[in-house]
Structures are given as structure tokens and as C-alpha cells.
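Data block below; observations after.
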Amino acid sequence: MTAVVVGGGTYAVLHTPKRQFASNLVKMTKSDDNIANFRVKTNGAGNDMGSVSGTLKADSQNENKLDVHLKVTDKNTPEAMNIKMDKKHIYVSADMLTSSVKGYGLKGLTKVTKSLDKYWLDSSQSESLKDSYSSIDTKEVRSDATAVTEWFKDLDSNKFKKVSNGYRVNLNKADMKSLMTKISKTKSGKEISKSEWQEAKSALNPIKNFMLKLTVGDKGNSFAIDFSGKENNRKEQLTSKINTKRDDKLKVKMPAKSLIKTESQLSELLEEKMLAYYSDQIASSIDEFNSSVSSSTNDEVLDA
């Protein structure tokens, strides 16, 4: 009986929501899952709303070879983007042109841009893209994430609880500022200046009814964020979720050299396609006009 009681007590201590949250978070940071499906959605007053969703895939043999598909929806206008990267290069698919054209409702021009979808831009060779993207060092990300998990060990156990989809911790504004301090000390966090971190913390001050819920799945393959608050009498909300899994056969190939273009080369190709497109449109309009004139003339001759 004593053994049963001691065993039960040990189980209860080791399986508290706080310990399980930490345990599953560590599982996630050390996991070899190479497919992540994610979604981030914001809601606010007026037109302040949008979402980002997509999939990140890593080569099963080389985790630094990544394939990312993004779908960004801003004010109900969706745009898609495909990115491939390794440790040295970041390639952005030219199919973003087609996506942008569709987003602006210029469906006729998709005939032009569609022919360029097969090409890729090397962001390091593009003036408009080189500062927009940065490579991902997966080992660094994992190391930083593991370091951040240590922060949760000092939180009050009452902040943690078991929920239907895993284990959750509720953070207040002070907790969030403390967490930001922890993140700022990681390798990737140090890439952001101290003044920027301070500015980010100060931005939290006006937010009332601040609540941040973090939920980790009970198998360490999902993580969710649910933020809500009120600023200037406007309710703000952000939700995010990521689910991961493993595919041992997944291969990620970088674009063929023949399909990689500079920004100027792609612009030239687009100009050529646009010129041909509008020339055809003008020619078609002239043919329609001539046909209309000819038909009208014939009718007048018959009437005479």
C-alpha cells in the first residue's frame, strides 16, 4: 500500500500541468519533425484584420534546405508566395506576380504573368528583396527555443492547466515583458537592438485586459497562441497555431540555375510579355472596329 501511495504521489508530482507543459515544449524544440503547417490571424476594429497561413518543409536529410509556401490575406485580398532557401541563398518564386495581379482583380494580365511563374529571384541579387528575407539556421532556432523553455520553470504553477488539446499557461503583461527579456538574450534575439526591445516592451503599456494564452499539444507536435487585449477602446486579438509532423522521404530541391533570374532580367521578360499582350489587345480591338464599320457600311448599301 505504501508503495502504491508513493508511486501515485510521484506520478502526480511529475504530471502536473506545469511539468507536462514544459516536457512537451522541450519535445517540440528537440523534435526532428520536418513539416510545419501554420496559421496566424489578427482581428481588430475597422479594417485591421488579416491572416497568414502556410507550410514549411525541410529536407529529411538536410534540415537547412527549406521550402516555404505562404498565403497572406490582407483585407480579404489573398496573395501567395513560394520561397526556397538553404544556408547561402533565398529564392523567391516569380509566381508572386501572378498572385499580386489576381489580388488587384486584373485577371486578364494573369495570362502574361503566368508564363513567368517558373522563374525564381535570388533575394541577395534583388534590391527590393535583399532586406526583406533572411536565411534560417535551424540549429540556432532550436538552440534558442530550448533556452527559452527554461523561462517557464520559474512561473507560478497556478498559471498552468490541462485543456482538451494539451497544456496551457496564462501570461499577464508583466510575464510577457519578462519573456521578451529572456528572448532578447538568445542568439537570434541579440540581432535586435536593446532600444528596439525596450520600445516593444513599452508598446505593451497602453494595452488593457492583456491576456496571452500559450498551449502546447500533449504529444509535443502542436503549439498555439491566443492573445487578446484592448487599446484605445479597440479590442485586439491575435491567434496562431502550428502543427508539425515527420516525413522521412521528403526532399527539397533548389531551383535549377537556368530558372534563377536577377530582378532586371525578370523585368525585361515581363516588359516583353506585356508589350506582346497589349499589341494583341490593340490588334484585336482594331479588327473588331473594322468588322463593325464593314458591317455598318454593308447595311447602308442594302438600304440604298
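Only the coordinates and a few stated rules stand behind these numbers; no lab work does. Everything numeric here is computed off the predicted structure, so don't read it as measured data. Note: ideal-geometry Cβ built from the backbone for every residue, glycine included; neighbour counts use all protein chains shown.
Please list 23-35, 235-247, 184-196 highest first by mean number of surrounding beta-carbon atoms within 10 Å per residue. Let's see the in-between values first.
Numbers: 23-35: 17.3, 235-247: 15.5, 184-196: 12.8.
Per-residue Cβ counts within 10 Å, averaged per peptide and sorted highest first, yield 23-35, 235-247, 184-196.
Taking R0 as 25 Å, what FRET efficiency do you get between LEU238 and SER267 from their Cβ-Cβ distance, rounded to the nearest 0.05? Each step should come with its number before you reach the end.
On the way: r = 36 Å, r/R0 = 1.45.
Working from the Cβ atoms, E equals 0.10.
Where does each of 262-269, 210-217 land if you order them by average Cβ count within 10 Å, highest first? Provide the component values of the computation, followed by the final result.
Details: 262-269: 13.5, 210-217: 19.4.
The most tightly packed comes first, giving 210-217, 262-269.
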